[in-house]
Amino acid sequence: MQALAEDFLFSLRHERGQAEHTQRTYKALLDKFIHWAESQGITAWTQVQLPQLTAFLQHECDRKLADAPKESQAKLSPSSLYLQIASLRAFFRWAETEKHLPANPAENLSLPRRWKRLPKSLAKSDVEQILKPLPMSEPADLCDQAILELAYASGLRLAELRNLRLEQLHLEAGFVTIIGKGNKERIVPVGKFAVAALTRYLEVARPKLVSPKSPATVFLTRRGTAFAHVTMWAHIKQRVRRAGVERHVTPHMLRHSFATHLLEHGADLRVIQELLGHSSISTTEIYTHVAGQRLKEVHAEHHPRAKFPVRPPPAAAAGDAPAGANDT
């Protein structure tokens, strides 16, 4: 069973160009199913039918409840259930298409409704505080500054920042070419602050970080290697702390802030879709809710008639019966 799952993951990686995060998620979820199947005496994918799939999903729901504290009413979240079903459906669809299995037993598994969380963005003042240059004595400091400036200027995903190569930079023309999800290429403009930070990093810092074995990726660690996901994220978190920003910041927040701030300043939604590399406009439309919520907050805070004064109820006229006195 494991061998066929590995073939599927290889297909995700090399033929469909799925993001690394998607690959890791599908691998973890398929490994979980295989472990459960083997505990049930199932040794081949041909033994898996719809009853086995539903039994596994029920097992996952029951296990989640059993692991939860007694005072908690925790259940398997719709998002977790969605991902588990999606991974099984994707695997069996691929296995049937490639003639590894005669049929797809997962085609009748229905996906639960997946509520989209509104993306959290930073206030412009927080972004300015994070991007404010700090006293920099190390090449790594200039690298961090360039990463942050480019992340906010272009809305790149963390994986796109990590994998960015020197030949993708066109700083004199003011843009970078990005290879995004599904190996789709897009052109993203870069503002003057990001160009300045990148130019300084490339001229002053990167030559001190590079080694004979260094890859052609733009951003390098102190050892001259490409950044791992957790390492680049640790650098960003450390910089946020040094800037004195108190709120919790996630890897995608600069990307969300990029999109939200563009929308707040009147950018067309289709343009933002292209810049973010979204294949569907519906993915980008979620930012309209964020921008709308922000507009309401600003209105409520600053408009003189946004807050209604609490007025006392009118006094009862003489002879009026008390409220409820005539109720029968």
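Things to note:
For (1) under 16 Å from residue 197 (Cα atoms); (2) assigned to a loop (DSSP other than H, G, I, E, B); (3) over 21 Å from the mean Cα position of the chain (by Cα), each residue gets a yes or a no:
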residue: 128; (1), (2), (3): yes, no, yes
residue: 134; (1), (2), (3): yes, yes, yes
residue: 142; (1), (2), (3): yes, no, yes
residue: 151; (1), (2), (3): yes, no, no
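- Test: residue in the stretch 135-153 that is at pLDDT below 95, exposed (fewer than 15 other Cβ atoms within 10 Å of the Cβ) and either closer than 30 Å to residue 24 by Cα or not polar (S, T, N, Q) (or both): yes
- Considering the conditions (1) surrounded by 18 or more Cβ atoms within 10 Å (Cβ to Cβ); (2) modelled with pLDDT of 90 or more; (3) of a type in the set (A, V, I, L, M), residue 81 is excluded by exactly one of them, (2).
- Count of residues meeting criterion [farther than 11 Å from residue 140 by Cα and not in a loop (DSSP other than H, G, I, E, B)] in the stretch 206-224: 2
- Among the residues making up the stretch 28-49, a single one is under 15 Å from residue 105 (Cα atoms), within 33 Å of the chain's Cα centre (by Cα) and small (Gly, Ala, Ser): 37.
- The listed residues are 200, 270, and the only one of them that is free of Cβ contacts under 8 Å to residues at least 60 places away in the same chain and either touching a Gly at 6+ places or on another chain (Cβ under 9 Å) or over 21 Å from residue 138 (Cα atoms) (or both) turns out to be 270.
- Boolean, residue 165 is assigned by TED's automatic domain parsing to the domain that holds residue 276 and in contact with an Asp or Glu (Cβ under 9 Å, 6 or more places away or on another chain): no
The values are calculated or read from the model by the stated rules, or taken from the named source; none is laboratory data. Keep in mind it's a predicted model, so treat the numbers as computed, not measured. With ideal geometry, Cβ positions are generated from the backbone for all residues, glycine too; neighbour counts draw on all protein chains shown.
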